[in-house]
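The values are calculated or read from the model by the stated rules, or taken from the named source; none is laboratory data. All values reported here derive from a predicted model rather than from experimental measurement. Cβ placement follows ideal geometry from the backbone for every residue including glycine, while neighbour counts extend to all protein chains displayed.
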Amino acid sequence: MTADRHILIGLAAGGSALVLVLAFGFQHLGGMAPCPLCLWQRWPHALAVAIGAAALLLSWRALPLLGMLAALSTAAIGFYHTGVERHWWEGPATCSAGSVAGQSPEDLMAQIMAAPLVRCDEVPWEMLGLSMASWNAVLAIGLAGLWWRAARAPD
């Protein structure tokens, strides 16, 4: 495996590791509990880190493509989550506010009592107009590009 390919794999897997460190930092140091969609976005990053380690050890040509798929998966979840946050579409009922139209006071109270502590349809933090879910999608697209370049790099 060429040094360039090693570097690209290291950057891609390291980028996912950095995203995970930041997510856990926001959670444990910043006190920002993740919603279910936030947690879903972490799994492909963890998989990409493992794929990166395997790719550096085994030099299998398919591994960078799997890393790219992991990055694209978290990008897709991040884009979906962004749409839920921006109310472009509804999110999962388990972490989003539903409609209250036509509900009895008893049903509304039951909905309030069953509501999650952290909702997927609210933006808890923004930078430059983008939420954490949006940043995850943008960064993951860049990481997918690194994985793609690693897959195409000569042996």
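In the range 34-48 there is at least one residue matching the filter, namely being within 19 Å of Ala133 (Cβ to Cβ), assigned to a loop (DSSP other than H, G, I, E, B) and under 18 Å from the mean Cα position of the chain (by Cα). Number of residues in the range 47-94 that are on the phi > 0 side of the Ramachandran plot and not polar (S, T, N, Q): the value is 1.
Restricting to the range 59-83, name every residue that is hydrophobic (A, V, I, L, M, F, W, C), in a helix (DSSP H, G or I) and over 14 Å from the mean Cα position of the chain (by Cα).
Those that are hydrophobic (A, V, I, L, M, F, W, C), in a helix (DSSP H, G or I) and over 14 Å from the mean Cα position of the chain (by Cα): Ala62, Leu63, Leu65, Leu66.
Against the condition more than 30 Å from Ala93 (Cβ to Cβ) and either modelled with pLDDT of 95 or more or small (Gly, Ala, Ser) (or both), how does Ile51 come out, does it pass? Break it down stepwise before answering.
On the way: more than 30 Å from Ala93 (Cβ to Cβ): yes; either modelled with pLDDT of 95 or more or small (Gly, Ala, Ser) (or both): yes.
Answer is yes for this residue.
For the range 24-43, the set of residues classified as surrounded by 15 or more Cβ atoms within 10 Å (Cβ to Cβ) and in contact (Cβ under 8 Å) with a residue 60 or more places away in the chain consists of Phe26, Met32, Pro34, Cys35, Pro36, Leu37, Cys38, Gln41, listed by residue number.
Would you be able to tell me the number of residues in the range 93-117 that are part of a loop (DSSP other than H, G, I, E, B) and either modelled with pLDDT under 70 or surrounded by 15 or more Cβ atoms within 10 Å (Cβ to Cβ) (or both)? First the steps, then the outcome.
If we filter the range 93-117 for residues that are part of a loop (DSSP other than H, G, I, E, B), which is where we start, we get 93-104, 115-117.
With the extra rule that they be either modelled with pLDDT under 70 or surrounded by 15 or more Cβ atoms within 10 Å (Cβ to Cβ) (or both), the set shrinks to 95-103, 115-117.
Result for the range 93-117: 12.
Only residues in the range 52-73 that are farther than 11 Å from Ala13 by Cβ count as the first member; pair them with residues that are of a type in the set (A, V, I, L, M) and outside any helix (DSSP H, G or I), Cβ under 6 angstrom, at least 6 apart or cross-chain, and list the lot. As it stands, the answer is Ser59/Met1, since those pairs meet every condition given. Among the residues of the range 56-69, none qualifies, meaning not one is surrounded by 15 or more Cβ atoms within 10 Å (Cβ to Cβ), within 14 Å of Ala137 (Cβ to Cβ) and modelled with pLDDT of 90 or more.
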